[in-house]
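Step one of this worksheet: look at the structure below.
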Amino acid sequence: MTIEVDFSVAGKRVWVAGHRGMVGSAIVRRLAGMDCEILTASSAELDLRDQLAVRTWVAARRPQAVFVAAAKVGGILANDTYPADFLYDNLMIEANVIEASYRNGVEKLLFLGSSCIYPKLAPQPMKEDALLTGPLEPTNEWYAVAKIAGIKLVQSYRRQHGCNYISAMPTNLYGPGDNFDLAGSHVLPALMRKLHEAKLAGAPEIEVWGSGQPYREFLHVDDLADAAVFLMETYCGYEHVNVGVGEDIRIADLVRLIAKVVGFNGSFRFDASKPDGTPRKLMDVGRMKQLGWQARRNLEQGVASTYEWYKDRM
Ligand code: GFB
């Protein structure tokens, strides 16, 4: 299929907001060698929640393309524990970056959200038009509302000002640069760390949160980065686009997959006092397939390469 390039990053100044995070650093890796000037600012240099600071920085650096990969992120417990941080920080970051981009003539912007924007019990797999058709999952409704607002912000600037700004909604991500802090992280890095440490310590079992019955879909962050650049260059639609792998796995089976990669032969204790969250959030990836993109890595390969990275770094 021939894929039309809508906007080439070649020769452009490209700002990766959130470049130090797992997603931002993967996008920087993906852009390397694409003949563009990558602009970055650490959170110490630029607090994206500060509207004047963002307007001043963007006016000075004049990016032509922007990846909004900066966000306050975390796993189910962090989301459930810090609702104000997850709602306020993410609203301010996206509002400031999108508005400053418009003010300074940014030609193309990609906003990144999350699959938790969909209703808790949306029909599976979840299509883009399931958005706002039902109640959200309570543990992360704060983050979800912020990300839904981001989609609407992008659409409002497209509608009112003709901005060629787009949105993508990735599923649960994992890979190099992930957060391995056991309290704030997502499930895959948390289990990898627990299993690794239990193996080294010769511990007989590890604790798994919840019942282990929910299903989750996992996309390697380098596949997401590839999808983000693909969309930046080829997509200019009003609707947001799901980015996933199109299949999911039960948490209880994920534990076994990671234990096999890590080489842990102990047992698993499921702690029902911890939240399960939404029972399933498999995304329909038909729109991305139609656009000409699909994920390359399978979960076992991705977990194995991430574990190699983890051992080297930790
Ligand atoms: O990855 P996770 O924290 O976030 O949890 P969500 C996924 C599932 O894994 C839940 C279970 O059912 C957890 O109970 N789980 C088992 C664990 N053991 C663990 C563990 O040791 N740590 C963690 N963290 N989970 C997030 C949203 O939801 O998805 C975010 O809260 C974001 O806002 C992210 O949208 C993509 O997948 O439930």
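Read-outs: derived from the displayed coordinates by stated rules, not from any lab. What you see is a predicted model; the values in this text were computed from it and never measured. Quick reminder, even Gly has a Cβ in these numbers, built from the backbone with ideal geometry, and neighbours come from all protein chains shown.
Couple of notes before you dig in:
- Scanning segment 258-277 for residues that are surrounded by fewer than 17 Cβ atoms within 10 Å (Cβ to Cβ) and assigned to a helix (DSSP H, G or I) yields one hit, Lys260.
- Hey, Phe230 among the hydrophobic types (A, V, I, L, M, F, W, C) and out of contact with any Phe, Trp or Tyr (no Cβ under 7 Å at 6 or more places or on another chain) or not: no
- Strands (runs of 3 or more DSSP E) contained in segment 126-212 and holding at least 3 residues over 16 Å from the mean Cα position of the chain (by Cα) and on the phi < 0 side of the Ramachandran plot: 205-209
- Among (1) under 29 Å from Ile166 (Cα atoms); (2) assigned to a strand (DSSP E or B), the one test that Ala228 misses: (2)
- Looking only at segment 231-257, residues that are assigned to a helix (DSSP H, G or I) and of a type in the set (A, V, I, L, M, F, W, C) come to 7 in all.
- Residues of segment 199-248 classified as acidic (Asp, Glu) and free of Cβ contacts under 8 Å to residues at least 60 places away in the same chain, total: 2
- Only one of the numbered conditions (1) assigned to a helix (DSSP H, G or I); (2) in contact with a helix residue (DSSP H, G or I) (Cβ under 6 Å, 6 or more places away or on another chain) is not met by Lys281, and that is (1).
- For segment 57-94, filtered to residues that are within 16 Å of the ligand (Cβ to nearest atom) and among the β-branched types (Val, Ile, Thr), the residue that is surrounded by the fewest Cβ atoms within 10 Å (Cβ to Cβ) is Thr81.
- With respect to the conditions (1) away from the ligand (no atom under 16 Å from the Cβ); (2) over 27 Å from Asp6 (Cβ atoms), Pro119 falls short on a single one, namely (1).
- Checked against (1) among the acidic types (Asp, Glu); (2) assigned to a helix (DSSP H, G or I); (3) surrounded by fewer than 19 Cβ atoms within 10 Å (Cβ to Cβ), Asp47 meets all criteria but (2).
- Some residue of segment 95-115 being within 16 Å of the ligand (Cβ to nearest atom), basic (Lys, Arg) and either crowded, with 21+ Cβ neighbours inside 10 Å or under 16 Å from the mean Cα position of the chain (by Cα) (or both): no
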